[in-house]
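For reference, the structure discussed in these notes is given below.
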Amino acid sequence: MFNSLYNALSSFSPRKQNVSIGILANGYSIDLVPGKRQSQWGNDHSLYKSKTQSWTQTNVSKHVSYVQNSGRVDEIRILKVWRQLHQLEFPSFFLEMATIDALSYSRHGDLEANVCKVGEVPIVVET
């Protein structure tokens, strides 16, 4: 499924990313995430991870809702631009969750201070 979508997008000069395929269309950078719905009664999907050639389970609508309702979308967007400018490779999911967690007790509205604070908080990833 992942490779079929990639091949179908050849006119957009697609680039393979871990779980998404990036394209540039009409000046917009778009990430397309192909997923296989696990059942007709829920929103759990299987996503192919190209870097490890394995599958992962996610609930995209739940994740999107969580991020949108976090009140930290502006901070997340700025940090994604920073990540791209520094050519760093780590999943958006981790950036989003780390940002929301780091700012869980911070005031809204002070965008610069909040972005700086995310960089000050040590992130521990349990494996």
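The values are calculated or read from the model by the stated rules, or taken from the named source; none is laboratory data. What you are looking at is a predicted structure, and each value in this text was computed from that prediction instead of being measured. Note that each Cβ is placed from the backbone with ideal geometry, even for glycine, and that neighbours are counted across all protein chains shown.
Observations
- Which numbered condition N26 misses (of (1) closer than 30 Å to A8 by Cα; (2) modelled with pLDDT of 90 or more; (3) not assigned by TED's automatic domain parsing to the domain that holds F2): (3)
- Single match in E112, E96 (criterion: free of Cβ contacts under 8 Å to residues at least 40 places away in the same chain, within 30 Å of M1 (Cα to Cα) and acidic (D, E)): E96
- Filtered residues of the range 1-33 (kept if exposed (fewer than 14 other Cβ atoms within 10 Å of the Cβ), part of a helix (DSSP H, G or I) and aliphatic (A, V, I, L, M)): A8
- Of all the residues in the range 38-47, those that are at pLDDT below 90 and either touching a His at 6+ places or on another chain (Cβ under 7 Å) or surrounded by 12 or more Cβ atoms within 10 Å (Cβ to Cβ) (or both) number 1.
- Which numbered condition S70 misses (of (1) modelled with pLDDT of 90 or more; (2) in a helix (DSSP H, G or I)): (2)
- Identity of the residue in the range 79-113, modelled with pLDDT of 90 or more, buried (at least 16 other Cβ atoms within 10 Å of the Cβ) and in a helix (DSSP H, G or I), that ends up farthest from the chain's Cα centre (by Cα): A102
- Condition check for V118: among the hydrophobic types (A, V, I, L, M, F, W, C), in contact with a helix residue (DSSP H, G or I) (Cβ under 6 Å, 6 or more places away or on another chain), in contact (Cβ under 8 Å) with a residue 40 or more places away in the chain and not assigned by TED's automatic domain parsing to the domain that holds Y6: yes
- Among the numbered conditions (1) touching a Leu at 6+ places or on another chain (Cβ under 9 Å); (2) not assigned by TED's automatic domain parsing to the domain that holds P91, the only one that Q53 does not meet is (1).
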